[in-house]
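A short write-up of the structure that comes next.
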Amino acid sequence: MASSSSISNDIRDAFENFRQELDEHNDRRERLIKASRDITNISKRTIFLLHRLVQESNTNDPEEYLSACKHASKQGRDKLRQVKEIYASLKEDLKDEERFWRYQRQVSPGLQEYIEALSFAHFLESGTLISSAEVQETLRDGDGVPFFPLTTSDYLLGISDLTGELMRYAISGFGRLGGRSRANEVCSFVRNCKADFERFTPYVWELNKKQAVTNQSLMKMEDAAYAVAVRASEYDLTPDQLDQFVNRFLATYTEQERDNKDS
């Protein structure tokens, strides 16, 4: 029969192991939260960079504009390599699928922001939606081993945020030569995305909220395009005059949007 001192030592050792496991869990969780915040900041700065480079291209030549978009995409992808470095440093913390699912809620916010930035860069380059497999390809180490599995929910929630950036991209490009037709193409693209994402709303948590934001972005693009089309049909304007009119309208539209946000 074991002595009371032996039983006491066993209990002490068990609780010591519990303490160590909890400390490791809390430390790992804090590391992942901090990393997710860093990834979010990098991704947001990348999105700002993409918008700025496109707007600063200062050309009305459609070919030069598309070239500027591709250049912006390359710059954005280069900046997003910092995210890959962060995920590589977390490889030990997410070394197996079981551990990934345990900390998925800490990983998800930064991952969604990264997907948004990556998908925007991809759209500027190709005019298409990045696939889940293409996103997963950017989340591998040098040997081709994934840092963690990309879930369908994170992918859908990440690319759902893309629609807001496409709305800003479309409206900011309205005043350029060919900008109106390009904005209509973006509007159609976002409309198709919204329709395709709708079927997943019963299965993906929070996608319904994202769809509401997508709908708002779509309405803003449609309102701007409709107003320009109606006003343009009322006057016999040359292309230069029409571009000037569009720029004046967009300046007023932007001020109204700012006033609505302030109120």
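The values are calculated or read from the model by the stated rules, or taken from the named source; none is laboratory data. Keep in mind that this is a model prediction, so the values were computed, not measured. FYI the Cβ positions are ideal-geometry reconstructions off the backbone, even for glycines, and counts take in every protein chain you see. In case anyone asks, the SASA skips ligands and DNA or RNA and just uses the protein heavy atoms, side chains included. Shrake-Rupley method; radii C 1.70, N 1.55, O 1.52, S 1.80 Å.
Annotations
- Per residue solvent-accessible surface (Å²) - the chain, probe of 1.4 Å: 58 Å²
- Efficiency of FRET from Cβ geometry, Asn9 and Glu85, R₀ 45 Å, rounded to 0.05: 0.50
- Annotation note: trypsin sites (Lys or Arg not before Pro) in the range 156-239 located in DSSP loop regions with a Cβ neighbour count of at most 11 within 10 Å are Arg199.
- Most fluctuating residue given options Leu80, Leu118, Leu129, as computed from a GNM of the chain linking Cα atoms under 10 Å: Leu129
- Helical contribution to [θ] at 222 nm, DSSP H n ≥ 4, -39,500 (n - 2.57), averaged over the chain, rounded to 500: -27000 deg cm²/dmol
- The GluC sites (Glu not before Pro) found in the range 64-127 that occupy coil by DSSP, while having at most 14 further C-beta atoms within 10 Å, are Glu92.
- Other-chain or far-sequence residues with amide H under 5 Å of Arg140's (modelled H): Phe147
- Sites listed here are GluC sites (Glu not before Pro) in the range 141-225 whose DSSP assignment is loop and whose Cβ has at most 14 other Cβ atoms within 10 Å: Glu206.
- Each Lys or Arg adds one and each Asp or Glu takes one away; over the other residues whose Cβ falls under 12 Å from the Cβ of Ala225, this sums to +2.
- Relative to the longest principal axis of the Cα atoms of the chain, the long axis of helix 207-234 makes an angle of roughly 10 degrees.
- Per-residue 3J(HN,Hα) values for the range 117-123, derived from phi via the Karplus relation 6.51 cos²θ - 1.76 cosθ + 1.60 with θ = phi - 60°, read 5, 5, 5, 5, 4, 5, 5 Hz in sequence order (x marks Gly and Pro).
- Rounded to 10°, Cα long-axis angle of helix 179-198 versus longest principal axis of the chain: 40 degrees
- Label-to-label distance, nm, for residues given as Arg99 and Val213 (7 Å Cα→Cβ offset): 3.1 nm
- The angle between the Cα long axis of helix 162-172 and the longest principal axis of the Cα atoms of the chain comes to about 30 degrees, rounded to the nearest 10.
- Share of carbon and sulfur in the accessible heavy-atom surface of the chain [1.4 Å probe, %]: 49 percent
- DSSP loop chymotrypsin sites (Phe, Trp or Tyr not before Pro) with at most 10 other Cβ within 10 Å: longest gap in the chain: 1-202
- Answer label for Cα Rg over 2.2 N^0.38 Å (calculated), chosen among (i) 1.32; (ii) 1.24; (iii) 1.02: (i)
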